[in-house]
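One structure below.
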Amino acid sequence: MKTATRALSNWIEFPALLAGLVIAGGLWGFVELVELARATTPHTFDTEILLAFREPGQPNNPIGPPWLEGAMRDVTSLGSASVLVLITAAVIIYLLLVRRWGMALFMFVAVAGGQVLSSLLKVGIDRPRPELVSHLVTETSLSFPSGHAMLSAVTYLTLGSLAARFLHGRTTKIYVLSLAVLTTVLVGVSRIYLGVHWPSDVLAGWCAGFTWAMLCWLVARALQRRKVVDNSE
């Protein structure tokens with residue numbers, strides 16, 4: 001009995017418990033947002049927030065100084081497929097060069113799996129882009145969930161968790177993970193500012209992205225505990 005209790009306490013540590021809470025909250029939030037996405041008319045929540053990023057009575061003019069629009073285009077590119085693929089490929093190649101085979105595989109599965117999941121969700125929900133305001137960038141894919149928001153969450157959180165393994169000190173690790181979260185948030189906000197996503201699209205992308213990233217992290221952690229993946233690579 002004591003052995004079983006000790007094993008359970010070793011498994012249910014704070015990081016794992018926090019990851020479980022993130023997964024549960026992400027799944028619940030995503031299911032709730034799907035109901036908004038499938039409604040025949042946009043919810044007030046979506047329309048009010050989207051219009052809040054435009055000048056009153058001028059849906060073609062975003063708020064803020066002229067340079068802000070360009071800055072938002074730059075920020076949104078951090079969540080584009082080309083940038084994320086480039087970053088992911090660079091990290092995987094580096095991990096292979098230093099013979100971190102397990103970490104390289106973890107990075108590939110997390111990001112590639114997130115991309116596949118995002119595409120399947122978009123096709124399954126089949127929500128068009130918002131037409132309430134003008135689009136400040138050109139997009140042709142479906143709207144829900146936001147691929148930029150979801151894949152930036154998956155990629156940057158995975159990178160943050162990998163980087164944290166090499167860093168010393170809790171403060172440094174918190175800084176790196178906070179930077180990953182901040183980048184993800186900024187990318188999502190830029191999608192709303194540019195008018196190419198409903199706010200619920202972005203929230204759903206964050207929910208799905210955080211959930212997928214935490215699931216991958218828990219699987220990798222379990223494999224390390226079972227010695228399937230060498231923790232000291």
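The values are calculated or read from the model by the stated rules, or taken from the named source; none is laboratory data. Remember, predicted model here, so these are calculated numbers, not experimental data. Here the Cβ positions follow ideal geometry from the backbone for every residue, glycine too, while neighbour counts run over all protein chains shown. The area values use the complete protein model at the heavy-atom level, side chains included, leaving out ligands, DNA and RNA. Shrake-Rupley method; radii C 1.70, N 1.55, O 1.52, S 1.80 Å.
Of the numbered criteria (1) surrounded by 15 or more Cβ atoms within 10 Å (Cβ to Cβ); (2) under 19 Å from SER82 (Cβ atoms); (3) of a type outside the set (Phe, Trp, Tyr), the one THR138 fails is (1).
Kindly indicate whether TYR156 is in contact with a strand residue (DSSP E or B) (Cβ under 7 Å, 6 or more places away or on another chain), on the phi < 0 side of the Ramachandran plot and buried (at least 20 other Cβ atoms within 10 Å of the Cβ). It is false that TYR156 is in contact with a strand residue (DSSP E or B) (Cβ under 7 Å, 6 or more places away or on another chain), on the phi < 0 side of the Ramachandran plot and buried (at least 20 other Cβ atoms within 10 Å of the Cβ). Residues in segment 189-220 that are within 26 Å of GLY70 (Cβ to Cβ) and open to solvent by 10 Å² or more (accessible area, probe 1.4 Å): 5 in all.
Among the numbered conditions (1) at pLDDT below 90; (2) under 20 Å from the mean Cα position of the chain (by Cα); (3) open to solvent by 70 Å² or more (accessible area, probe 1.4 Å), the only one that GLU131 does not meet is (2). SER143 passes every criterion in (1) more than 17 Å from the chain's Cα centre (by Cα); (2) part of a loop (DSSP other than H, G, I, E, B) apart from (1). The residues of segment 146-169 that are over 23 Å from LEU194 (Cβ atoms) and either acidic (Asp, Glu) or in a loop (DSSP other than H, G, I, E, B) (or both), listed by number, are LEU167, HIS168, GLY169. Scan segment 141-160 for residues that are out of contact with any Asp or Glu (no Cβ under 9 Å at 6 or more places or on another chain), within 17 Å of VAL181 (Cβ to Cβ) and of a type in the set (S, T, N, Q) and the total you get is 3. Among residues of segment 96-116 being open to solvent by less than 50 Å² (accessible area, probe 1.4 Å) and touching a residue at least 40 places away in the same chain (Cβ under 8 Å), the one that is nearest to ARG54 (Cα to Cα) is GLY114.
Per-residue answers, yes or no, for (1) within 16 Å of LEU194 (Cβ to Cβ); (2) of a type in the set (Val, Ile, Thr); (3) modelled with pLDDT under 90:
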| residue | (1), (2), (3) |
| --- | --- |
| ILE12 | no, yes, yes |
| PRO56 | no, no, yes |
| ASN61 | yes, no, yes |
| GLY79 | yes, no, no |
